Amino acid sequence: ISNNNQYLSLWEYSFSQKEETEIVELLYGDINGSGEKELIVLSYSQNKKNYVHIFKTKSNMPIGTPEIFEIKTEKGATKPVEAKLLRWDLDKDLEIIISFGSPDRKIIVLDYTIDSIKIIKNIAKDFLLNSYGPIDLELFDINNDKIDDVYIYSNSAKLERNIIISKDSAKYNAFNITDKQIKSFAIYPLNKEIIEIAHINSRQCYFLNNN
């Protein structure tokens, strides 16, 4: 922004003019372990296809044309809900986790290498099959092993939560706390404990029991 409160365009990218494109998520992090961060754009097109655009960066600015990968779902036109970067293993790069709603309700973990991207894990299959409602994701390293644990909330009248710990073990809880959907979730450490809060509105918050 200039001194005259005018925006100066530093970089611009145009999606295909042949179809309308909705940006679902923008992410920024090192997903190839090079030490340089990438700009990751998750999009959903009018043709009901999901794409990941990966832009290289230099001095925190995108450069060149992106690598574009289509992310296919088994049941056709399933739109992504959200995406995050996570530490899925102990290598140098970050992975991408994406959640999808109905009809192909699932959560996948993507690993990017030069010129390719692949699904390395489809997590919490049974939990997603046997629950309903919008999906919310949060990441937190519960056991301090430098791998992100995945908090999955099935956000309906019966709030259900499944935690994928260190990629493998799972911990399930159900909470009958409200007939309203939770607006947001927060997780943070306090006095060697993990505090988990469900925010409903400006007057209502619930502390969730992790036991």
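Taking every pair of alpha-carbon atoms in the chain, give the share separated by more than 22 Å as a whole percent. The proportion of pairs with Cα distances above 22 Å equals 56 percent. Listed by chain and number, the lysines placed with their C-alpha closer than 26 angstrom to that of K171 are K84, K106, K121, K125, K146, K158, K180, K183, K192; residues fewer than eight positions away on the same chain are left out. Computed from point charges on the beta carbon alone (+1 for Lys and Arg, -1 for Asp and Glu), the dipole magnitude for the chain about its Cα centre is near 500 Debye. In summary, the stretch 89-170 shows an alpha-carbon radius of gyration equal to 1.13 times the 2.2 N^0.38 Å reference for compact globular proteins.
Available extension along the chain between D91 and I194 is 34.5 nm, counting 0.36 nm per residue and deducting the alpha carbon span. Within the straight-line cut-off of under 16 Å between alpha carbons, the lysines reachable from K58 are K37, sequence neighbours fewer than 8 places apart in one chain being disregarded.
Within the accessible area of the chain, what % is carbon and sulfur when the probe is 1.4 Å and the other protein chains stay in place? Its accessible area is 48 percent carbon and sulfur atoms. Binning the C-alpha pair distances of the stretch 1-86 at 10 Å intervals from 0 yields a P(r) profile of 15, 42, 31, 11, 1, 0 %, listed from the shortest bin outward. Normalised per residue, the accessible area of the chain is 59 Å², obtained with a 1.4 Å probe and no contribution from ligands, DNA or RNA.
Stokes-Einstein, applied to the Kirkwood radius of the stretch 37-143 over Cα pairs at a viscosity of 1.306 mPa s and 10 °C, places its translational diffusion at 106 µm² s⁻¹. Ellipsoid semi-axes for the stretch 135-199, based on the Cα gyration tensor and the rule √(5λ), read 21, 14, 9 Å when sorted largest first.
The values are calculated or read from the model by the stated rules, or taken from the named source; none is laboratory data. All figures in this text were calculated on a predicted structure; none of them were measured in a lab. Reconstructed Cβ throughout: ideal geometry from the backbone, glycine too, with neighbour counts over all protein chains shown. The accessibility values were calculated without ligands, DNA or RNA, using every heavy atom of the protein model including side chains. Shrake-Rupley method; radii C 1.70, N 1.55, O 1.52, S 1.80 Å.
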